[in-house]
Amino acid sequence: MAVSAINMFRLRPGVALAEFERFSAELDRPVCLAFDVVLSFDVFFVDDPGPGGADVIEVMTVTSWPGWQQLLAEAPELEPVLARFGELVDPDSITTILTRPSALPQEI
């Protein structure tokens, strides 16, 4: 069953949102989306995060969370992505919520 990981985090002090946006568009999303396990990867920027709030929200849907975790640990293609992510993002601010869609029919 597919799972969507909602990642919320702040950027490191001095990192401009535009810098993260370039990283996301040019490296992070293209490399991640090249793996079959990744079904979608969307990035949202928070306009008014408030004190301690997230600057960025990423929603990545994968066919298998354990499969994705294994790729993170083993795939050499992800090494530069993870290194750059670590330079841009405050690691203490990262929160991940794993979600699944409702099985109930949607009503309008």
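The values are calculated or read from the model by the stated rules, or taken from the named source; none is laboratory data. Keep in mind that what you see is a predicted model, and the values were worked out from it rather than measured. No Cβ is skipped: glycine too gets one built from the backbone with ideal geometry, and neighbour counts run over all protein chains shown. These accessible areas exclude ligands, DNA and RNA; they are computed on the full protein's heavy atoms, side chains included. Shrake-Rupley method; radii C 1.70, N 1.55, O 1.52, S 1.80 Å.
Structure data summary
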| item | result |
| --- | --- |
| Residue in region 89-98 that is in a loop (DSSP other than H, G, I, E, B), within 23 Å of A16 (Cα to Cα) and either open to solvent by 30 Å² or more (accessible area, probe 1.4 Å) or not hydrophobic (A, V, I, L, M, F, W, C) (or both) present | yes |
| Residue among V59, V37, V43, V31 that is touching a Ser or Thr at 6+ places or on another chain (Cβ under 7 Å), among the aliphatic types (A, V, I, L, M) and in contact (Cβ under 8 Å) with a residue 40 or more places away in the chain | V59 |
| Residue list for region 17-55, filter: small (G, A, S), part of a helix (DSSP H, G or I) and loosely packed, with under 12 Cβ neighbours inside 10 Å | A18, A25 |
| Scope region 56-84; condition closer than 25 Å to R12 by Cβ and open to solvent by less than 40 Å² (accessible area, probe 1.4 Å); matching residues | V56, E58, V59, M60, W68, A75, L78, V81 |
| Enumeration of residues in region 22-56 that are touching a strand residue (DSSP E or B) at 6+ places or on another chain (Cβ under 7 Å), modelled with pLDDT of 95 or more and acidic (D, E) | D42 |
| Hits in region 1-16 - residues which are of a type in the set (A, V, I, L, M) and either within 21 Å of W68 (Cβ to Cβ) or open to solvent by 70 Å² or more (accessible area, probe 1.4 Å) (or both) | M1, A2, V3, A5, I6, M8 |
